[in-house]
Every structure is written in C-alpha cells, then in structure tokens.
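Right, one structure below, let's go through it.
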Amino acid sequence: MLSRLSRRSPFNTSIFRSFATARERDEFRLQEYSQKYLGYRKAVFTEKLEIIDSSKAEAVPIYRVTDGLGNFIDSSQDPKFGKEMSVKIYETMTQLNIMDRILYDSQRQGRISFYMTNFGEEGNHVGSAAALKNSDLVYGQYREVGVLMWRGFPLEQFMHQCYGNSMDIGKGKQMPVHYGSKEHNFVTISSPLTTQLPQAVGSAYAFKRQPNNDRVVCVYFGDGAASEGDAHAAFNFAATLDCPIIFFCRNNGYAISTPTSEQYAGDGIAGKGPGYGLHTIRVDGNDLFAVYNATQEARRVALTNKPVLIEAMTYRLGHHSTSDDSTAYRLDFKKVQTWGDKDHPIERFKTYLVEKNWWDDEKEKAWQKEVRKRVLKAFGDAEKTKLAHFHELFEGVYDQVPELLKRQRDELDNHLKEYGEHYPLDRCLRK
Amino acid sequence: MRPVSVIFGRFLGRCSSLQASRQLATGSTCTIRDALNQALDEEIRRDPNVFLMGEEVAQYDGAYKVSKGLWKKHGDSRIWDTPITEMGFAGIAVGAAFAGLRPVCEFMTFNFSMQAIDQIINSAAKTYYMSAGKVTCPIVFRGPNGAAAGVAAQHSQDFSAWFAHCPGLKVVTPYNAEEAKGLLKASIRDDNPVVFLENEILYGQPFPFSDEAKSEDFVLPIGKAHVERVGKHVTIVTYSRGMEFSLEAAKELASIGVEAEVINLRTLRPFDFETIKKSIMKTNHLVTVETGWPFAGIGAEIIAQVIESEAFDYLDAPPYRVTGVDVPMPYTQTLEAAALPTTAHVVKTVKKSLHIQ
Ligand SMILES: Cc1ncc(C[n+]2csc(CCOP(=O)(O)OP(=O)(O)O)c2C)c(N)n1
Ligand SMILES: [Mg+2]
C-alpha cells in the first residue's frame, strides 16, 4: 500500500511526462478536479479574469401555484386535493389562528406566562405537513404549531403544556410552546437555536441505515437560526452523508428585531443550498398549494437520499413572542397591515374553497364559534388542572433517582413542613 | 400569574420581590441596568478601541436594554448588531482583541454562551499563555446569568462555576449597582479576558449610588471581596443574587441575636481567600450561598480551600453549603420555587451550624 502511494506521489512526474500535448494534460487535470474536488461538476478553465459579483447573480426564483388572489396560474400545478382534504387544511389553519388569538390574549391577562403566535405562517405549516407522511420525523424550532396540529395533537395537550400542569406530557418541566410528542413524531422543541439542525441530520442518517427506509426527516428553522454555525454543519453533513432530510426554512423577514437585511448578505437561504450540494427550491410560503407541491417533491427526492433545502418566503405578522413589542422596530405599521390584508395564507386558501362551493359565510360562522368554544373549554380545563406534585422536581434527571437527590427530596419535605405556608402547595397534586 | 423576566432574549420589566418592599435610604439610587449602561458609555468614550457587540445591542438597545441609547450616541462603529451566531461573533471578538481592539461581547444570556464556549475557553483564555505572553486578549464577555423566572432548564442556570474553573479567565460577579459599574469599567480596562456575569433578576433593582460612583473615574478592583456586613457568630460567603438571600437572612438572624458576617465575593477568579480566612478565624462558622448546582460548585471550592488552610482549625462546626437543587430547572412555578435556595434556607443552615433549634 505504502509503495503504491509513493509511486503516485506528486514528486514522481512520470505520469505527466507520458502526456504528449498540453490538451492531454488539461484533460487529465480537469477530470481530476471534476471527480475529486468538485463532486463531478464539470470543471473548465477560463482565461477571463472575473471575480464573481454575487450581487449580480440572479436570485433563485419563487415557485408559486396561485396568484395573490388565490387563482391558479398553471392548472397543471393544481394538486387536486378534493373536498375533504381541502376542508381539513382550512380547518387546521383557522383552528391554529383562533387558538393563537386566545392564548395570546390569555398571556396578556396574565393567565399563562409566555406565548408565541404563528400569525401569517399558517400556510407553510399546514402545506408542508400535509405533504409529509405522519410517520416522517419532524424537528421544529418553535413556530411550527400547525405541523403538530395537522398531525392531530389534541387541543387539550397544547393547553396543558402552556400551563405546565400535571396533565402536560412534560409535567411542567419545559417552557410554554415547547411542545413535543413521540406519538406524533414531533421532537420536543429545544430553546437554543439551530441545535435541531445537526440533530435532524443525525436522525436522517439513522433512518437511512435502516433497510427499506420509507421515512424522511423534516427540520424547520428560521431565517435567523440559519446564521448559527450549526446550520452550516447540518447542511454539509446532510450533503456529504446523503441523508433523507428536508431542511425547511421559514423566512419570515425577522429574527426578533433583526431584519433579514442584517442577518445575511447573500441570496437568502435558498442561495446557500447549491453551494452545499443540496437540492434547493424557494417557494411562496403563503401559497399553500406551492408549499404542498414543493414539499411533496422534496420528500420524493429526499427518499432517494438526496437532501433538499426549501426556503418558504413568508411574513411574521405577530410580535416575536409575548415578551416582544415589534412596533419598536417595525415602524411602518402599514406594511405589516398590508401583508396581513393582501397576502394572508388563510384568506388565499379560503378563496379556493369558496370558489369550489365547499365553504361559505354560514359555515365560517359556525366553525369559528365551535372552535372558540372548544379552545376555551380546553383552556379552562387546563387552568383548573392541578400542577404536578413537587416531588416531580426530582424525577427524570436520571432513569432512577440517585441517593443524593433522595436526600435533597427529604430535605425539601422537611423544609416544607416548616415553611410550607410560603409556597403555593394547594396548587399541586397531592401524592 | 408570575411575570416573566425574559424569554428568548426579550426584556420585560420585572421587579424582584425585594424591590417593592425595600425602602431605600434617602440619597440617590441607580438600577443595575443603568449602572452597566453608564460604565459602557464612559469606557466607549474614554478609549476608541472599546466597542460593544452582540445580538440586538444597537438599534434595539439590547435584549435587556442594557445598551439603551448607546447606538444613537456612538453609532455603528462602536455598537454592532451581529447575526445570530454566538460561536461566530465570539470568534470575531477574539480576533479583534488579538488585533488590538477591546471588544465587549454581549451574550443575550449566558445560556447561549455555551455555543461559543470553545472560543472563550480554548482561544480567549489560553492564547496569552500559549504565546508566552506575546498576545493579549482583552475581551469582556458579559450578559445575564443565573436562574431567571419561568424560562425552564435551557434558559435558567448559573454558569459561575463553569467559567471560574478555567485558568486564564477572570470571572466577575457583581451584586449591587456600584459594583456593576466599578467592576465593569475595571473589566474593560483589564488586559485579560473577563467573563462578567450579571444577574437576570436584578437588572431592574435600584441600589444606593454614591457621588463617587457617579464619577467617570470610579473603578473597583477585580479580585477583592467585600465584607458587606460585619458580624461575629458566623461567616456567610456568597456572590451575586446569593447576596440578596444572605443579607435578608442576616437581618432575620439579628433579631434572634445572631450576628452574621456577610462576605460578597464580587470576583470568583482571582479568588480573595484572605478575606474569607480572616473572617472564619473570627466567627468559627462558615455557610456558603449560591444559586447554582452543588456538585463542584463555588461553595465546594471555598470549603475545600478552608479545609486545606489554617482556618480549618478554627471551625467549630462543619462548613455548610446552600445551593440550588441538583436538577435542571423546571418550568412550572411550584417546581421552580422548590429548586432554588431562599432566605429561609440560609437562616436554617446558619442555625444548624450554630446548633440553634
Ligand atoms: C443560541 C441562541 N441564541 C439566541 C437565542 C435567542 N433567540 C430566540 S428566537 C431568536 C430569533 C430567531 O429568529 P428566526 O430564526 O428568524 O425565527 P422566527 O422567530 O422568525 O420564527 C433569538 C435570537 C436563542 N434562543 N438561542
Ligand atoms: Mg425569522
């Protein structure tokens, strides 16, 4: 082995000497560059001195299916959902919107401590979720509630989680909106940004190793999260490990107060895809049909172990979270209104339903009323549900409670015997 | 329900429980937030090499409004907004410091500094040593640290022990407004990398603020602990938010005739052991107070040093630690409250040390 390597060492020029012409030498090198350095992309020489000016390059186009009024532009692109599916899509989006309004208001009334709305992004959640299989694994960032809702995560569980009560799957250990459900193949939200991206690639790699794999991973992230180093690591690993993964970027124009113009200087997030060797598409994120088609095609490609990057162009209509006041940095409030009025994904989809005669004002009224009632009921029930017993504090740090923690638990019991009146013990479940 | 101090790096006014009840003596006061702001403002004006960088520190005034008004005053070249890349901008701070600038690098919270830990430990802290003293790295890494309210495991923790463990770093943990200002100014002027840990809960709290502290020349020494309250029965050693519980406990203990000496460490590295030793040799009892985890924590280090020193022979009881519970921080209010130390824990532990029933 060693001797073979050394014979090929660059100090041995015998191979080169055997090429007679300059052209033969060029061909040899171009072939080497192409195969070994450039992933089989065709390498060429040029005698023109030109530094690529990225600002002159054409932006990746935005794939769409309907126009701003919700009309189909090219009918071959109509995914032909049928009535049942269309209504389910619409109902999921509106239910999400209504739940957001109620939970947002309840935070303002001080009934829950924190909330994040999904306003204006309902289309990209539900459009992508509908194109995935429910068995596909989803990693979210936090603003992807529509995906979980599409998969049937019950309203009650959303509410229990926001209250952190004893019925919450996480027993109140994680912040509001950090949902997760093994049953729904939705990995629990993690607060530090972008950590979900390399993790998602790891999961996709594990899928790929299974015989006859029929699952992909879809990982969601924001335009801001895309700046973390973890995004680079994830893109590069997915491409070099050939993983069945969809990177779904919700580009909503803002990361808290930072506008995308300060977040990156290139052609958005899609512009990065080809550089990493990712199949890439940019889509109108408020056009549910476009998001659906793009995700469905991305899923097909990803299942052949070619990772795909989707950039969905949308707009964050609400504040970043209930701890944010976006009027401090979105000074042009009219613009926010214009997005809401002129390009709301729910309105765009509704046009379609109404045109098909699958929906009307009466249905709308009844549906709104019913959902409000269901949300409020689930909300009230969650509010009344007791919090977990305080011993829950010591559970789940390890598979078995170690001695040190048992001692601390006893200490806590003793402490509460003495000082219990200072703690809201009546709100906890009894043992 | 309870107020939330910050979620995902967003500030919302919050008073600590103390704030409402405490009647401040006459004379002027200043919040921690304003004290830090003054320090930054003055140091940026004083030295053209100083600049502030971090997520949303410019136009938005910082997630906790610590840099309020500074961008308007000093402009783009001195106050930079960065994209969301902690590892990246910590690296940029390190490189800028290698090249002669003096960056103040804000983490939206120290929870996110974990993404940048390699730049802090392996580059900032060690380059001076590895270059045999040829390359300095004068950076201040600063931001809110410690348990916050209602933000659960990944947003609510104390990193003091993590950073204090690493040689090459200085670690500064101010409690009140004068310390916040005086120590931040000293940190910015220091030629070593400094990790400056502010407390998320205390930002909005007003503290007495002397005329001396208002001066542009007000600087406090790094590495010196401060005896905040003189006593003779027991030594309580603490820092940052632990001061709040310890001072309240000392007051309560005074009512039963126990005079506690409360030592505010102010700096964890370099560590002012002499002040602690002297105190223990007087009081013969030691209780340490911190909000972080017990294992290999600051209290553990203090007690180890005491036991190894001549002060050991002066102890009349085992030294005790008051710490946070050894679990990740849960979200739900009742569980969160049970995970954190309180004034009552300090009182009880002191009584245990003094054999008072
Ligand atoms: C590592 C890390 N740094 C900073 C934060 C604070 N933070 C939370 S959300 C957010 C903005 C993210 O914006 P984007 O990715 O565009 O998502 P969007 O909120 O727009 O959906 C920031 C800076 C964090 N959670 N984690
Ligand atoms: Mg965004």
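Brief remarks on what is shown
- Of interest is the spacing of the C-alpha centroids, which for the stretch B:255-324 and the stretch A:178-220 amounts to 46 Å.
- Accessible surface of B:Asp81, taken over heavy atoms with a 1.4 Å probe and every protein chain present, rounds to 50 Å².
- Using a simple spin-label model with pseudo-atoms 7 Å out from Cα toward Cβ, A:Thr46 and A:Glu383 lie 6.5 nm apart.
- Between 0 and 90°, nearest 10: helix B:32-46 axis offset from chain B longest Cα axis: 40 degrees
- Heavy atoms of A:Thr280 accessible to a 1.4 Å probe, total area in Å² rounded to 10: 50 Å²
- Measuring between alpha carbons in the structure, the pairs from A:Lys182/A:Lys208; B:Lys134/B:Lys181; B:Lys65/B:Lys214 lying more than 25 angstrom apart are B:Lys134/B:Lys181.
- Over the stretch A:11-105, Cα pairs under 8 Å with separation of 6+ residues give a relative contact order of 9 percent.
- Bridge orientation summary for the protein assembly as shown: considering DSSP beta bridges with both residues in this region, about 20 percent are antiparallel.
- Ranked by the mean number of other Cβ atoms within 10 Å of their residues, highest first, the peptides B:331-339, A:154-162 come out as B:331-339, A:154-162.
- Each of A:Met167, B:Met87 has its accessible area taken with a 1.4 Å probe; listed largest first, they run A:Met167, B:Met87.
- The 1.4 Å probe gives accessible areas that order B:Tyr129, A:Tyr292, largest first, as B:Tyr129, A:Tyr292.
- Here r is the Cβ-Cβ distance between A:Asn213 and A:Gln35 and R0 is 30 Å; the resulting FRET efficiency, rounded to 0.05, is 0.60.
- Rounded FRET efficiency, nearest 0.05, which uses the C-beta distance separating B:Glu252 from B:Ser28 and R0 of 41 Å: 0.90
- Over 19 Å (Cα to Cα) - which of B:Lys224/B:Lys251; A:Lys133/A:Lys363; A:Lys88/A:Lys342; A:Lys88/A:Lys369 fall in this group: B:Lys224/B:Lys251; A:Lys133/A:Lys363; A:Lys88/A:Lys342
- Within chain B, antiparallel bridges make up roughly 25 percent of the DSSP beta bridges whose residues both belong there.
- When peptides B:230-243, A:179-192 are sorted by average Cβ neighbour count within 10 Å, with the highest value leading, the order is B:230-243, A:179-192.
- Fraction of beta bridges assigned by DSSP in the stretch A:64-384 that are antiparallel (%, nearest 5): 15 percent
- Peptide B:80-88 - average C-beta neighbours from other chains (10 Å radius): 6
- For chain B: relative contact order, % (alpha-carbon pairs under 8 angstrom, 6 or more apart): 16 percent
- Residues of the stretch A:214-260 whose accessible area, computed with a 1.4 Å probe over protein heavy atoms, drops by at least 50 Å² once all protein chains are present relative to their chain alone are A:Glu228, A:Ile256.
- Accessible surface buried upon A-B contact (total; probe 1.4 Å; Å², nearest 100): 4100 Å²
- FRET efficiency estimate (nearest 0.05) - Cβ-Cβ, A:Val397 to A:Phe28, R0 51 angstrom: 0.25
- Entry note, chain A: relative contact order of 19 percent, from Cα contacts under 8 Å with a spacing of 6+ residues.
- Averaged over peptide B:323-331, the number of partner chain Cβ atoms lying within 10 Å of each residue's Cβ comes to 6.
- Taking every residue in B:47-59 and counting other chain Cβ atoms within 10 Å of its Cβ, the average works out to 2.
- Here is the P(r) of the protein assembly as shown: all C-alpha pair distances, binned every 20 Å from 0, give 14, 42, 32, 11, 1, 0 in whole percents.
- In degrees, nearest ten, helix A:361-384 long axis to first principal axis of chain A (Cα): 70 degrees
- Expressed as a whole percent, the accessible surface of chain B that belongs to carbon and sulfur atoms is 54, based on a 1.4 Å probe.
- Residue order for B:Arg78, A:Arg64 - accessible surface, 1.4 angstrom probe, largest first: A:Arg64, B:Arg78
- Angle in degrees between helix A:196-208 and the longest Cα principal axis of chain A, rounded to the nearest 10: 70 degrees
- Solvent accessible area, Å² - A:Glu421, 1.4 Å probe, full protein context: 150 Å²
- Summed side-chain charge close to B:Ala177 - residues other than B:Ala177 whose Cβ falls under 12 Å, Lys, Arg +1, Asp, Glu -1: -1
- Heavy-atom accessible area per residue - the protein assembly as shown, 1.4 Å, Å²: 44 Å²
- Between A:Asp324, A:Asp332, A:Asp53, the Gaussian network model of chain A with springs among Cα atoms under 10 angstrom shows the greatest mean-square fluctuation at A:Asp53.
- 13 Å beta-carbon shell around A:Thr314, net charge (K/R +1, D/E -1): -2
- Buried on assembly, the stretch B:124-157 (at least 30 Å² less accessible surface than by itself, 1.4 Å probe): B:Gln154
- Per atom type, the stretch A:208-326 shows carbon and sulfur on 48% of its accessible surface, probed at 1.4 Å.
- Extension gain for the segment A:Arg407 to A:Arg108, taken as residue separation times 0.36 nm less the Cα-Cα distance, is 103.7 nm to one decimal.
- Highest-MSF residue in chain B out of B:Ser67, B:Ser123, B:Ser210 [GNM, Cα springs under 10 Å]: B:Ser210
- Part-to-part distance (alpha-carbon centres) for the stretch A:19-53 and the stretch B:155-198, which is given in Å: 54 Å
The values are calculated or read from the model by the stated rules, or taken from the named source; none is laboratory data. Not measured: the values here are computed from a predicted model. Reconstructed Cβ throughout: ideal geometry from the backbone, glycine too, with neighbour counts over all protein chains shown. Ligands, DNA and RNA are excluded from the accessible area calculation, which covers all protein heavy atoms including side chains. Shrake-Rupley method; radii C 1.70, N 1.55, O 1.52, S 1.80 Å.
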